[in-house]
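Down below is the structure, laid out as structure tokens.
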Amino acid sequence: MSNLVHRTLTSSICALLSLGALGGLRAQEAPDEDAAAFLERAEATFLEAAIEAERAAWINQTYLSYDTDLLASAAEEKLIAVTVDLAKQAGRYDGQELDPDVRRRLDRVKLMLSKPAPDDAAKREELTRASTAMGSAYGRGEYCNEADGCRDLGELSEVLATSRDPDALLEAWTGWRTVSAPMRSDYATFARLANEGARELGFDDLGALWRSKYDMPPAEFAAETDRLWSQVEPLYEQLHCYVRARLNERYGDEIAPASGPIPAHLLGNMWAQSWVNVWDLVAPAEAGEGVDVTRLLEEAGYDARRMVETAEAFFVSLGLEPLPETFWERSLFVQPADRDVVCHASAWAVDHDQDLRIKMCIKVDAEDFVTVHHELGHNYYQRAYRELSPFYRDSAHDGFHEGLGDTLALSITPEYLESIGLLDEVPGAEEDLALLLRKSLDSVAFLPFGLLVDRWRWDVFSGDVPEERYNAAWWELRERYQGVAAPVERTEADFDPGAKYHVPFNTPYTRYFLAQILQYQFHRSLCETVGWDGPLHRCSIYDSEEAGAKLDAMMRLGASQPWPDALEALTGQRTMDASAIVDYYAPLMAWLEDQNEGRTCGW
Ligand code: X8Z
Ligand code: ZN
């Protein structure tokens, strides 16, 4: 089920490897039904449980309460039980020579769960209880003090984005992390039991299961992410060096040292994963403003719904169908005033068919303008593969799902904004640097964070990081990859990984790292398709049915083929390649190197 794209059961592809991986499965009785008949039954059984869990999760996340927690937990538990049972039954056909499509579907059953549970009912119940408790704590989380009362993540994030008072930033930063500290023991329970479930399915641990979803051996996949990171690391290091120097100019040595890692509360975002909110602090005087999409949206009087309509219109301009009426009736676009909801944006196909929805507490700003395209990308992908086997209703790999809408968002150029009436005058080439720097603060800045969240979880699941080192290991990775440091001392009484949605909600994260790289690869090849020969950051595929047809063809494959086939259908290439993102920012890289002359970069 990828239909609730970011929760329990996620996507991606089974592998050549899963047979080997399942070597440890308990011996099964010889099957008394043939594989195709089993699959037909399995698809129906899975779909029924998945849809039930989906509905319960939707109600839970849009009406957080004691009772909806229990109902969602029970439905999820049932789905896990059903899926684990089917995965074990699928194992009965291991070693049999079968039609390749039957083989692939069988192998995928074993990879459907990102949270497998042990066979033991009590343990399964404990696992889902711990998970739901963490999710609910995150969704309802707030930090209260005398001066400001109680503030939720949205309000605390607003402080990180807009305040330039180091004390206020620090309080918002540490305040949100009071929400995650109590999750620590539930997380340890979750990791122990989900690992046990993964081992029962024949994987070394849960991390190995996650890494088995990429049509290659898990170790090879880890090496792939290293390879991609090494392609982009020099660009990140230059950006880091420049931003650190500008923050130092603004805040001084005490608050923002000129060398070493950057204190994590100064970068405009709760997790320092996007730095675009400190644009005003880092904008070069001589380079202009680029385009301030937040201001344009505000001036044009956009509201949440209008933002979604605008994103939908982009998809429609590519020749894709408008969203169904029920999308508009059933989605949640605005944070309700009277109840707790999980505000983190997500996209759903509740019935694994056409009941598409997004759930998002939309703010009228540039960041959420990109996010609505991101979420609709999920919905369009879900609709494109809805007629495939339930075990193929997913993207080629999870980076494709995450990168689809973002690819369209790369086409939100000044020229595009002018064509939809948001921008009066398209800035000339003299603004290119500002455009690239602005975008890089969102995109290049994200890359190491995209990588490290799962580096931490892989180490936790493998046992390399025991519970006593959860937080220390987290900060080692934050420093090593991102070059950021905690602004105040952290201890093992804290649980800072839990302050990021995807940890309590158990959503794998490497997908976003891959997506950040793939979207430029998609963009570059679609720009070729539309015959663009200018700089990549000025190319928009808006209005191109030819580009839309290519995207549609890829999306329709779902997970039915190994991902290199889907990548080839769109780009002609069979490997992920960070040269597109590197090319896109080449002029910025040159400028940054020049700016950083005489500075010692790195940390
Ligand atoms: O979680 C998301 C999406 C939902 S799949 C809003 N993203 C990551 C994050 O917010 O941390 C998109 C970018 C990275
Ligand atoms: Zn997403």
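The values are calculated or read from the model by the stated rules, or taken from the named source; none is laboratory data. Only a predicted model underlies this, so the values are computations on that prediction, with no experimental measurement involved. Glycine also receives a Cβ, built like all others from the backbone with ideal geometry; neighbour counts cover every protein chain displayed. These area figures cover heavy atoms from the full protein model, side chains too; ligands, DNA and RNA do not enter into them. Shrake-Rupley method; radii C 1.70, N 1.55, O 1.52, S 1.80 Å.
How about segment 141-177: which of its residues are farther than 25 Å from residue 485 by Cβ, in contact (Cβ under 8 Å) with a residue 60 or more places away in the chain and surrounded by fewer than 16 Cβ atoms within 10 Å (Cβ to Cβ)?
Answer for segment 141-177, where residues must be farther than 25 Å from residue 485 by Cβ, in contact (Cβ under 8 Å) with a residue 60 or more places away in the chain and surrounded by fewer than 16 Cβ atoms within 10 Å (Cβ to Cβ): just 154.
Whether any residue in segment 119-138 is among the charged types (D, E, K, R), outside any helix (DSSP H, G or I) and within 20 Å of residue 70 (Cα to Cα) is what I want to check.
yes
Quick grid of which residues meet (1) assigned to a loop (DSSP other than H, G, I, E, B); (2) modelled with pLDDT of 95 or more; (3) under 24 Å from residue 411 (Cα atoms); (4) in contact with a Lys or Arg (Cβ under 7 Å, 6 or more places away or on another chain):
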position: 328; (1), (2), (3), (4): no, yes, no, no
position: 336; (1), (2), (3), (4): yes, yes, no, no
position: 343; (1), (2), (3), (4): yes, yes, no, no
position: 347; (1), (2), (3), (4): no, yes, yes, no
position: 351; (1), (2), (3), (4): yes, yes, no, no
position: 354; (1), (2), (3), (4): yes, yes, no, yes
position: 357; (1), (2), (3), (4): no, yes, yes, yes
position: 363; (1), (2), (3), (4): yes, yes, yes, no
position: 368; (1), (2), (3), (4): no, yes, yes, no
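When the residues of segment 330-346 are filtered to those that are of a type in the set (Gly, Ala, Ser) and under 13 Å from residue 362 (Cβ atoms), which remaining residue is surrounded by the fewest Cβ atoms within 10 Å (Cβ to Cβ)?
345
Quick check on my filter: what residues within segment 370-413 are in a loop (DSSP other than H, G, I, E, B) and either open to solvent by 10 Å² or more (accessible area, probe 1.4 Å) or within 12 Å of ligand 2 (Cβ to nearest atom) (or both)? Lay out the reasoning, then the answer.
Just the residues of segment 370-413 that are in a loop (DSSP other than H, G, I, E, B), to begin with: 385-389, 393-397, 410-413.
Within segment 370-413, 386, 387, 388, 389, 393, 395, 412 meet the criteria.
Could you list, in sequence order, all residues of segment 247-257 that are touching a residue at least 24 places away in the same chain (Cβ under 8 Å) and crowded, with 17+ Cβ neighbours inside 10 Å?
Selection gives 247, 251, 255.
Taking the conditions exactly as written (away from ligand 1 (no atom under 14 Å from the Cβ), surrounded by fewer than 20 Cβ atoms within 10 Å (Cβ to Cβ) and part of a loop (DSSP other than H, G, I, E, B)), does residue 465 satisfy them or not?
So residue 465 does not fit the description; no.
Within the set of pairs 6 or more residues apart or between chains, which connect a residue that is acidic (Asp, Glu) inside segment 544-573 to a residue that is modelled with pLDDT of 95 or more with Cβ atoms less than 6 Å apart?
Short answer, once both residue conditions are applied: 545/319; 546/529; 568/574.
Could you tell me which of the residues 230, 274 is closer than 21 Å to residue 589 by Cα and surrounded by fewer than 17 Cβ atoms within 10 Å (Cβ to Cβ)?
230
Could you please give the count of residues in segment 445-459 that are open to solvent by less than 10 Å² (accessible area, probe 1.4 Å) and either in a helix (DSSP H, G or I) or out of contact with any Phe, Trp or Tyr (no Cβ under 6 Å at 6 or more places or on another chain) (or both)?
Number of matching residues: 10.
Can you list residue pairs whose Cβ atoms sit under 8 Å apart, with the first residue in segment 591-603 being within 18 Å of residue 440 (Cβ to Cβ) and at pLDDT below 95 and the second being open to solvent by 100 Å² or more (accessible area, probe 1.4 Å) and assigned to a loop (DSSP other than H, G, I, E, B)? Count only pairs 6 or more apart in sequence or on different chains.
Note: no pairs meet the criteria.
Picking from 435, 441, which residue would you name as being crowded, with 20+ Cβ neighbours inside 10 Å and touching a Ser or Thr at 6+ places or on another chain (Cβ under 8 Å)?
The conditions single out 441.
Do you know which residues across segment 61-81 are among the polar types (S, T, N, Q), in a helix (DSSP H, G or I) and open to solvent by 10 Å² or more (accessible area, probe 1.4 Å)?
Answer for segment 61-81, where residues must be among the polar types (S, T, N, Q), in a helix (DSSP H, G or I) and open to solvent by 10 Å² or more (accessible area, probe 1.4 Å): 68, 73.
Confirm whether residue 419 is within 21 Å of residue 322 (Cα to Cα), open to solvent by less than 10 Å² (accessible area, probe 1.4 Å) and small (Gly, Ala, Ser).
No.
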